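Taking it in order: structure first as structure tokens, then the write-up.
The values are calculated or read from the model by the stated rules, or taken from the named source; none is laboratory data. Bear in mind the structure is a predicted one, so any value in this text is a computation, not a measurement. Methodologically, a virtual Cβ is constructed for each residue, glycine included, from the backbone with ideal geometry; neighbour enumeration extends over all protein chains shown.
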Amino acid sequence: MQIGKVRMRPVIEMGEFRLPSRMFVEGITFEDIEPHRHWLSPQFIDSETGDFRLSQHAWLIEANGNRIVVDPCVGHRRHRPLVPFYHMIDSPLLERLEALGVSPAGVDYVFCTHLHLDHVGWNTRLKDGRYVPTFPNARYLIPRLEDEYWRRELTGELPEAERYNAGVYTECIQPIVEAGLADLVDEGICIADCLTLIKAAGHTIGHMAGLLESAGEGAVLAGDAIHHPLQVLYPDRHMQAFDPVQAQITRHNLLDLCVEKDYWFAPAHFRAPHLCKVSKSDGNYRMEWA
């Protein structure tokens, strides 16, 4: 995608994984899905099981001489037994990044919207038996509240409900901090004169989004504020989240921002074409795919 003078491309780690719809959206019914089945199926929903079909990808932004990687996925051969579809996967992300003409050494910034295992995996890679930064010349932008929450793993204080994310801070964040490459950030910081970090809490305590703007055009890189197109159509339905009420507010805020400014909406898990325009009529959101 060309956003003004900025180029933005998805870097695919997994073209598809599937999750039961009930894991994310409470109370979705056949009647909710049926009016949209003609475009939801088969790309975004399995017509037989109703399972969500999702993508695992990072975003590569090239702007003003800078290269930015947003949400660097799961990583290669990571031990994640509590999340079976991510456990010990063979990740092609670096090869696909290089196929787009970008080497790890050529990345200037890495922005992690939050610190779940599928958004920080390629922050580091295994070398000579230890984890080292994958992008040695990059500044890693990490939401400050996320760091404060998840670093409790180091002292054994991670809540039981978060055990699926165990080991992630030790492997994917701490090596960056020790290398002096981590910048703990708050809302409002702008990088490469085009990407402003904005609050998008709810899914996690300190989740942030990226507001990409160039030459009168824009996109909202929403991370996990919304996982699936059905959550655009039904943003008031609760989903699994650290703070479900705040997550609902965030969904509306980000969608309304896209409506108001006619910006693209680009979450982390929409399958191809990965991003859409959003409109609103009579209080209901609608989508138009790229």
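All conditions but one from (1) surrounded by fewer than 15 Cβ atoms within 10 Å (Cβ to Cβ); (2) of a type in the set (S, T, N, Q); (3) outside any loop (DSSP other than H, G, I, E, B) apply to Gln174; the one that does not is (1). For segment 254-264, the criterion of being touching a residue at least 60 places away in the same chain (Cβ under 8 Å), among the hydrophobic types (A, V, I, L, M, F, W, C) and out of contact with any Lys or Arg (no Cβ under 8 Å at 6 or more places or on another chain) is met by no residue. Counting residues in segment 220-230 that are over 30 Å from Pro20 (Cα atoms), modelled with pLDDT of 95 or more and not in a strand (DSSP E or B) gives zero.
Among the conditions (1) of a type in the set (A, V, I, L, M, F, W, C); (2) in a strand (DSSP E or B); (3) within 18 Å of Asn253 (Cα to Cα), the only one that Ala201 does not satisfy is (2). Out of all the residues in segment 202-215, is one or more within 17 Å of Tyr149 (Cβ to Cβ), free of Cβ contacts under 8 Å to residues at least 60 places away in the same chain, of a type outside the set (Ser, Thr, Tyr) and surrounded by fewer than 23 Cβ atoms within 10 Å (Cβ to Cβ)? Yes: segment 202-215 contains one or more residues that are within 17 Å of Tyr149 (Cβ to Cβ), free of Cβ contacts under 8 Å to residues at least 60 places away in the same chain, of a type outside the set (Ser, Thr, Tyr) and surrounded by fewer than 23 Cβ atoms within 10 Å (Cβ to Cβ).
Screening Phe85, Phe135 for residues that are over 17 Å from the mean Cα position of the chain (by Cα), at negative phi and aromatic (Phe, Trp, Tyr) leaves exactly one candidate, Phe135.
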